[in-house]
Amino acid sequence: MLSEKRRNQLLDYVRRRRSVGVEDLAELLGVSVSTVRRDLDEMDERGLLRRVHGGAVAIDDSAPHENSVDERAVRNLEEKKRIAARAVELITPGSTILLTGGSTTAQMVPHLSAVPDITVVTNSVAIAHAIGTTSETLQVLVLGGLLRNLELSLLGHLTSQALADIHIDLAFFSAYGIDPGYGILGANLAEAETDRNMIKAARHLTVLADHSKFDQRSAVRIAPISAVGTVVTDNRAPDEAVAALRARDITVIQA
């Protein structure tokens with residue numbers, strides 16, 4: 001494919017999808033990741049799109065809207081509390097678990113002390129603080145990295161590097177969205193690579209998603225649906241979505 005034709009297709013795809021990752025673009029265009037990166041860098045310099053870590057967004061950036069932490073904390077709160085309490089029941093005493101930042105994983109904190117001898121790994125400063133101020137016994141390992149201020153989460157190379165030395169039995173991921181035919185969706189490209197590395201570091205992935213997460217749409221895919229072992233949701237989750245997940249041998253628990 002001629003370079004100018006390729007770049008026109010790339011730009012059209014970014015503008016239509018609003019935000020997109022480097023790997024997805026490489027697959028779409030049938031070229032290497034390094035080629036896509038060079039194209040994106042050049043187009044960013046020309047002001048045609050905005051380059052971000054892991055991909056690009058349209059220049060007027062109407063990428064998926066991500067509500068503030070406070071807004072998400074109160075949305076579907078009762079469902080999130082039930083999901084979190086049920087998720088804690090999946091933890092085996094003596095195991096090492098990973099909690100990603102998120103309003104649903106945060107609701108697990110009050111229940112964690114009921115499981116003996118566990119270690120909690122997290123990239124969320126907020127979750128680490130919540131555990132530290134409510135429990136004297138839980139062992140917490142905080143991953144280092146660049147602080148995303150509004151989210152109070154840590155990300156980047158240092159976060160991923162720390163994961164290489166940690167054995168994680170079970171990861172709990174608070175998803176922006178979930179599509180049974182596509183995968184786990186994210187709202188922020190800057191966090192996507194860190195999220196992917198955290199998922200890869202765990203032996204088993206459990207996604208926490210209330211019913212509203214099945215309606216969320218995003219071009220940012222954190223992981224394919226095949227990476228998911230368990231989904232904990234509420235009893236308002238769409239029947240067709242639950243059936244589709246179970247058809248893929250994913251355990252679905254409705255709280």
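Report, by residue number, each residue of the stretch 238-253 that is among the aliphatic types (A, V, I, L, M) and open to solvent by 20 Å² or more (accessible area, probe 1.4 Å). Spell out the reasoning first.
Looking only at the stretch 238-253, we keep the residues that are among the aliphatic types (A, V, I, L, M), and these are 241-245, 247, 250, 252-253.
Of everything in the stretch 238-253, those that are among the aliphatic types (A, V, I, L, M) and open to solvent by 20 Å² or more (accessible area, probe 1.4 Å) turn out to be A243, A244, A247, I253.
Name the single residue, out of those in the stretch 192-223 being out of contact with any Lys or Arg (no Cβ under 7 Å at 6 or more places or on another chain) and acidic (D, E), that is surrounded by the fewest Cβ atoms within 10 Å (Cβ to Cβ).
Applying the filter and picking the extreme gives D215.
In the stretch 2-17, is there at least one residue being open to solvent by 70 Å² or more (accessible area, probe 1.4 Å), on the phi < 0 side of the Ramachandran plot and touching a residue at least 60 places away in the same chain (Cβ under 8 Å)?
Yes, that holds for at least one residue.
Among the strands (runs of 3 or more DSSP E) confined wholly to the stretch 1-101, which include 2 or more residues that are closer than 26 Å to F172 by Cα, at pLDDT 90 or above and of a type outside the set (G, A, S)?
Working: elements: 19-21, 49-52, 55-58, 96-99.
Once the strands (runs of 3 or more DSSP E) in the stretch 1-101 are filtered for at least 2 residues that are closer than 26 Å to F172 by Cα, at pLDDT 90 or above and of a type outside the set (G, A, S), what remains is 96-99.
Do you know which of the residues in the stretch 152-168 that are open to solvent by 40 Å² or more (accessible area, probe 1.4 Å) and either closer than 16 Å to A209 by Cβ or in contact with a strand residue (DSSP E or B) (Cβ under 8 Å, 6 or more places away or on another chain) (or both) is modelled with the highest pLDDT?
Ranking the qualifying residues of the stretch 152-168, first place goes to H167.
Please go through the stretch 100-120 and pick out each residue that is farther than 13 Å from S153 by Cβ and crowded, with 20+ Cβ neighbours inside 10 Å.
T104, Q107, M108, V109, L112, I118, V120
Report, by residue number, each residue of the stretch 154-174 that is without any contact (Cβ under 8 Å) to a residue 60 or more places away in the chain and assigned to a strand (DSSP E or B).
Passing the criteria: L154, L155.
Among the numbered conditions (1) in a loop (DSSP other than H, G, I, E, B); (2) within 18 Å of the chain's Cα centre (by Cα), tell me where T137 comes up short.
(2)
The values are calculated or read from the model by the stated rules, or taken from the named source; none is laboratory data. Please read all numbers here as calculations on a predicted model, not as lab measurements. Backbone-built Cβ (ideal geometry, glycine too); neighbour counts: all protein chains shown. To get the accessible areas, we keep the full protein, side chains included, count just its heavy atoms, and leave off ligands, DNA and RNA. Shrake-Rupley method; radii C 1.70, N 1.55, O 1.52, S 1.80 Å.
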